[in-house]
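No value in this document is a laboratory result; all are computed from the given coordinates. This structure is a prediction, so every number in the text was calculated from the model and none was measured. Here Cβ is always computed from backbone atoms with ideal geometry, including for glycine, and neighbour counts include all displayed protein chains.
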Amino acid sequence: MQFRAPNRLIDRADALAAVLGEDRTDVLVTALREYLQDAAHDDALTQEIAAAYYDDEISFEQLKALVGAEEAANLRVLKQQLDEDFIDEIADA
């Protein structure tokens with residue numbers, strides 16, 4: 001995997017890695033993991049993730065990776081209910 005970032009950001013990651021006695025990759029992986037964990041608990045972002053799933057922009061596996069298995073299962077059930085309601089509305093029209 002190729003990763004590109006502004007030089008200033010890489011310099012900061014290198015400096016922190018030196019302080020912690022780690023390498024840049026460890027610092028970046030930790031930062032990314034923490035960001036994704038925080039994102040999964042941000043209500044507005046969770047709504048965007050759910051909308052992307054409902055619109056088939058991301059797969060169930062991607063959804064699960066972003067919000068966790070339990071929340072993903074809940075969103076899958078809701079999507080199925082929404083799809084069934086839509087079909088019922090079309091049938092009634």
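Points to keep in mind about this one:
- Residue in the stretch 67-88 that is in contact with a helix residue (DSSP H, G or I) (Cβ under 8 Å, 6 or more places away or on another chain) and within 30 Å of ALA13 (Cα to Cα) present: yes
- Members of the stretch 59-75 that are of a type in the set (A, V, I, L, M) and over 12 Å from ILE49 (Cβ atoms): ALA69, ALA73
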